[in-house]
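The values are calculated or read from the model by the stated rules, or taken from the named source; none is laboratory data. Quick caveat: nothing in here was measured; it's all calculated off a predicted structure. Cβ sites come from the backbone with ideal geometry, for glycine too, and all protein chains shown count toward neighbours. SASA here: full protein model, heavy atoms, side chains in, ligands and nucleic acids out. Shrake-Rupley method; radii C 1.70, N 1.55, O 1.52, S 1.80 Å.
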Amino acid sequence: MSKKTTSNNSEHAYSNAFYARQPIFNRMMKVWGYELFYRQNEDVDSAIYLDGFKATMEVMASLALSPDDKFKSAKVIINFPEQAILEEIPFSMHPQNTVVQFTDPDEVSPEFLEMIIKVKDRGYTVSIDDFSAQYTNTELYMLADIMTLNISKLETSHISQYIQAIGGLKGKFLAKNIESEEQFASLKTLDFSYYQGYFFKRPKTEVVRKISSNEMLRFNLMEMINNDDIDLGELSRTIEKDVSLSVRLLNLLNSPAYGLTAKMSSIQQAVVYLGGDQLRHWLRVVLLTDMKQPGKSAELTILSLQRAKVMESLNAISADVKPDERLFLVGLFSLLDAMLELPMSRVVQLLSALDDTIRYTLDGRETKFWPWLTLIEAMEKSDWDTVGAMAATLDLEASDIMKCYKEAMEWANTVLTCV
């Protein structure tokens, strides 16, 4: 259902996912929410699918990856097939801004009615799409917060009849598929609270990166090793799920460099032998290397390691700033957005176990680590005015900066040959 990119017969670690969003306006012509639609690629204008349940799941998965801040302040309307509602799929979304929408059914089963009551009790907004004013569905209508009328399928003279057909309804009405100014003008005289259609804006297709399960596992590992209280047992079990990591860890410990008299034969043994600190260092380098997307230059990995090392080294010689090991992580993770082809705002969400100061620095905020990262970025751009300003702020000498930078370059190249 999503478009996968392949190169040299090897599948990328990610795929693109697609959905379209169309704004819904209130009577003040302010955006109240967005309805989301499934799209199989970015070039189509409408949804083509055979499995409504799977299409809904695709939309929900794509929404979870979307960096769009609009969804934080507006309602998100998702269409759920009856099967998805019965299986409690809507409960994976946050009730505060999620509108659970379903097509007005020909027949309402007791199980479905009971589930809609449960949806309401959990705090979700309930919307009935293609409201058809069937008296047999009155009990269901009484639960709805919104009833949507498809204007393109109704004669203008019949619209008010649908609105008034069933008395005592507490929900509000939404007019969708408005295509002209004349239609909108006539609808404004009726009891509609919300408006939607091509007259205002066509659905815009968004493209988001899907993170593979293997990639997600490595983010989980990254979070584990960034926790002060590392659980070696859980860490062992997570590493065991990744064949490549497992093989490399055992090969490392069984190499002549370690000179072990007995061969290391299990991940649990290897983890215990290395211990938390050494294992953290090794895993950070390996995970960073593996996160580089196919087709991306290894230079990004080298540059990340350089940044980490030079920030650590300069911090150690700064007269005014106490040594802080978190600076190494700021440098190490500072290019993850380019390496993963994700916005940095999304990257820091995935690294939620990181210290907030690290996350805020990576996301571009002016923290106490910001001058360090700014200094390194200015070095890479040969922006000597900024380098001078940041060096003065951090009480660093130009000769020390150049010396640490040269040493960091050599260190980064050496480390990568050992991974």
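When Lys and Arg each count +1 and Asp and Glu each count -1, what net charge do the other residues less than 15 Å away from SER399, Cβ to Cβ, add up to?
Spelling it out: positives minus negatives among the neighbours equals -2.
Among ALA391, LEU351, LEU375, which residue has its Cα furthest toward the positive end of the charge dipole of region 345-418, with +1 on Lys/Arg Cβ and -1 on Asp/Glu Cβ?
Going by the Cα projections, it comes out as LEU351.
Quick check: net charge around MET147, other residues with Cβ under 12 Å of its Cβ, Lys/Arg +1 and Asp/Glu -1?
Summing Lys and Arg as +1 and Asp and Glu as -1 gives -2.
Using the Cα centre as the reference, give the magnitude of the dipole from point charges on the C-beta atoms of region 111-204 (Lys, Arg: +1; Asp, Glu: -1; all else neutral), rounded to the nearest 20 debye.
360 debye
What GluC sites (Glu not before Pro) does region 91-163 have in DSSP loop regions with at most 10 other beta carbons within 10 Å?
Hits after loop and neighbour filter: GLU107, GLU155.
Which entries of LYS30/LYS75; LYS75/LYS188; LYS118/LYS188; LYS118/LYS170 show an alpha-carbon separation above 24 angstrom in the structure shown?
Too far apart for the 24 Å limit: LYS118/LYS188.
So, counting K/R as plus one and D/E as minus one, what does the shell of residues with Cβ under 15 Å around ASP129 add up to?
After counting each charged neighbour, the total is -2.
What list of ³J(HN,Hα) couplings, whole Hz, do you get for region 183-190 from phi and the Karplus terms 6.51, -1.76, 1.60, once you set θ to phi - 60° and write x for glycine and proline?
In residue order, the calculated couplings are 4, 4, 4, 6, 6, 5, 7, 9 Hz.
Using a 1.4 Å probe, what is the accessible area per residue for region 161-203, in Å²?
56 Å²
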